[in-house]
Amino acid sequence: MSPPVFRFAPSPNGLLHLGHARSALLNFDLAHARGGRFLLRIEDIDASRCRPEYEQAIYEDLGWLGLVWEQPVRRQSEHLALYRDAIARLTQQGLLYPAFESRADIARLVSEKERAGSWPRDPDGAPLYPGHAGQLSGAERERWRRSGAPYALRLDMAAAQARVGDLTWEELGMGPDGETGLVPARPEQWGDVILARKDTPTSYHLSVVIDDALQGVSHVVRGQDLFHATAVHRLLQALLGLPQPLYRHHPLVLDEAGHKLSKSTRATALRDLRAAGMTPSEVRRQVSLAVA
C-alpha cells in the first residue's frame, strides 16, 4: 500500500500569515505521523498578482517553521498545457460555454434581478451567474469570438450534474456547520462556475483537482472556507475521471473581530512575527497545534 500524500498549496500573491501556518503545519504533522509524503505546490496561475518575491518568502517562512518538502516543487504556471487539455475534454463533452459579459454587465444584471425580487448567491456570498450565454447559438458565439471580446468559459452545471448524478465526499474533519463523514456534494450552489478565461486556460477549481490527481495526493487538508468548494471539485473529478482523495477541513485562524485572516486585509505576516521575536514553537501554540 502506498504511503499517504499530503500537500500545502499557497499562492504567491502575498505573505503567509498564521492561517497559512496552521494549514502547512497540520499537513506536515499528519504526513510525518502516518509515514507519508509532504508536498509543496505553488499555485501561481494568476500572473497579475503572483510575484517571485512572495514565492521566495513562502520557502523562507516554511523553512523557518521547520518544514521539509519533496523536490521539485510543482508550479502551476509550468503546466498550463495540462489544464488546456482538460478544458478541451470538457468542451468536447458539450459542458462548457463562453460567456462574454464583463464584470460590470454581470453586476448590472444581478442588480436588475434583485430589484425584481431576489437572486441566489453561492456559499462565498457572490451572486450566481445571471446571464444567458449558455443559450446562445453556435453562430452567435462565433460572432462574439471573432469580435475579439474577452470571455469566461463557464461550466454548464445542470448538464454536468445530469452526466454524473449524485456525488459525495468523505470528510475526516468538519465543515462550518459540523458536517463530517459522508457528505453530499451540492455543486449547484455555485451555479455555472468559471473554469477558464480567454487569456487564462484554467481556474483554481480546475487546476487544483488536476494537480492533486497528478501528484497522487491522497489527503486534502485545508481550511473550512474551502469546505463548500469541495462539491465543485468532486464534480470535476467525476467528469474528468480523476481519483477522489479524502478531505479534512480544519477551523480557521480568526482575528480579534472574528474574521478569517487574509492577505487582502494585511493580516500580520509570519515574517513580521519572526522579526518581532516569535519562535516556531510559539507559532504552533498560536494556531493550537502541539509543539514538536
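The values are calculated or read from the model by the stated rules, or taken from the named source; none is laboratory data. None of the values given here were measured: they were computed from a predicted structure. Note: ideal-geometry Cβ built from the backbone for every residue, glycine included; neighbour counts use all protein chains shown.
Please work out if GLU55 is closer than 18 Å to SER207 by Cβ and at pLDDT 95 or above. In short, yes.
In this structure, GLY66 does not qualify as at pLDDT 95 or above, touching a His at 6+ places or on another chain (Cβ under 9 Å) and not polar (S, T, N, Q). For region 9-30, the candidate set comprises residues that are touching a strand residue (DSSP E or B) at 6+ places or on another chain (Cβ under 8 Å), closer than 14 Å to GLY66 by Cα and among the hydrophobic types (A, V, I, L, M, F, W, C); within that set, the residue that is surrounded by the fewest Cβ atoms within 10 Å (Cβ to Cβ) is LEU26. Applying the set (1) surrounded by 16 or more Cβ atoms within 10 Å (Cβ to Cβ); (2) out of contact with any Ser or Thr (no Cβ under 9 Å at 6 or more places or on another chain); (3) closer than 27 Å to LEU226 by Cα; (4) of a type in the set (D, E, K, R) to GLU171 leaves exactly one unmet item: (2).
The lone criterion from (1) assigned to a loop (DSSP other than H, G, I, E, B); (2) touching a residue at least 24 places away in the same chain (Cβ under 8 Å) left unmet by GLN71 is number (2).
For region 37-59, residues that are surrounded by fewer than 17 Cβ atoms within 10 Å (Cβ to Cβ) and either more than 24 Å from HIS79 (Cα to Cα) or not charged (D, E, K, R) (or both) total 5.
Considering every residue within region 214-232, establish whether at least one is at positive phi and modelled with pLDDT of 95 or more. Scanning region 214-232 turns up at least one residue that is at positive phi and modelled with pLDDT of 95 or more.
The set of residues from region 147-176 being under 28 Å from ILE106 (Cβ atoms), in a loop (DSSP other than H, G, I, E, B) and of a type in the set (D, E, K, R) comprises just one member, ASP156. Kindly check whether there is at least one residue in region 260-273 that is touching a Ser or Thr at 6+ places or on another chain (Cβ under 9 Å), within 18 Å of LEU65 (Cα to Cα) and either assigned by TED's automatic domain parsing to the domain that holds GLY175 or at pLDDT below 95 (or both). No, region 260-273 contains no residue that is touching a Ser or Thr at 6+ places or on another chain (Cβ under 9 Å), within 18 Å of LEU65 (Cα to Cα) and either assigned by TED's automatic domain parsing to the domain that holds GLY175 or at pLDDT below 95 (or both).
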